[in-house]
Amino acid sequence: MPRPKRAPRSPPRRRRALVVVARYNEVVTRRLLEGATARLATEGYAGGDVDVIWVPGAFELPVAVHRGLGTRRYGVAVALGAVLRGETPHFEYIASEATRGLGEAAIRFGIPVGFGLLTCDTLEQALARAGGEAGNKGAEAAAAAIETARVLEEMGRASAE
């Protein structure tokens, strides 16, 4: 099956990005943030075009993203966090509700939210995905949000024709 075409490389119309980062597991989330902001910079988002907001943990990501998108200042958002499996079902509740809330924010406002919430069994797995041998999922989340913003803009232009 042929690979789908990427959206055109024109910059998204709204040039501000919101990055919301969970402070819990900060040794991981700081690395995710470095990856996300580096990717945003390569896509033309200057430092002044990126607002970074810290929240206590992954559970708080959705409400902060929701509030930020509600201001209509942002063309993209990126949510970054790390939830590590423990001995109780707490992991499943936090990961599930954070995921649900971030999806709801994106759908409600029609603004892409890059999903950079790691759900790993160990700290070592999380570090591998935060700039280690498995890449940087923060950078990937930023790239996905930007590409989706371009696709949505192209869809809007096509429907206006």
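Give a residue-ordered list of calculated ³J(HN,Hα) values for the stretch 78-94 (Karplus: 6.51 cos²θ - 1.76 cosθ + 1.60, θ = phi - 60°; whole Hz; x for Gly, Pro).
9, 10, 10, x, 9, 10, 10, 5, x, 8, 10, x, 3, 3, 5, 5, 5
For the stretch 77-98 and the stretch 21-45, what is the separation of their Cα centres, given in Å?
A separation of 18 Å, based on Cα centres.
Hey, could you grab the Kirkwood Rh for the stretch 41-134? Inverse mean 1/r over distinct alpha carbon pairs, Å, one decimal.
Computed over Cα pairs of the stretch 41-134, the Kirkwood hydrodynamic radius comes out at 14.3 Å.
From the C-alpha gyration tensor of the chain, pull out the three semi-axes of the equivalent ellipsoid (sqrt of 5λ each), sorted largest to smallest, in whole Å.
Largest first, the chain gives 26, 17, 15 Å.
Where does the charge balance sit around V20 when Lys and Arg score +1, Asp and Glu -1, over other residues with C-beta under 10 Å from its C-beta?
With Lys, Arg at +1 and Asp, Glu at -1, the net is -1.
State to the nearest 20 debye the size of the charge dipole of the stretch 74-161 about its Cα centre, where the only charges are +1 on K and R beta carbons and -1 on D and E beta carbons.
180
Could you tell me which GluC sites (Glu not before Pro) in the stretch 39-122 are loop residues by DSSP with no more than 12 other beta carbons within 10 angstrom of their beta carbon?
Sites meeting the loop and neighbour criteria: E87.
Compute the Kirkwood hydrodynamic radius of the stretch 96-161, taking the inverse of the mean of 1/r over all pairs of distinct Cα atoms, and give it in Å to one decimal.
That comes to 13.4 Å for the stretch 96-161.
What percentage of all Cα-Cα pairs in the stretch 60-112 are separated by more than 15 Å?
46
In the stretch 65-161, which trypsin sites (Lys or Arg not before Pro) are in a loop and have at most 16 other Cβ atoms within 10 Å, using DSSP for the loop call?
When the trypsin sites (Lys or Arg not before Pro) of the stretch 65-161 are filtered for loop state and at most 16 Cβ neighbours within 10 Å, R72, R73, R85 remain.
Each reported figure results from applying straightforward, stated rules to the coordinates on display, with no laboratory input. Predicted model, so just to flag it, every value in this text is computed and none were measured. Every residue, glycine among them, receives a Cβ derived from its backbone with ideal geometry; neighbour counts consider all protein chains shown.
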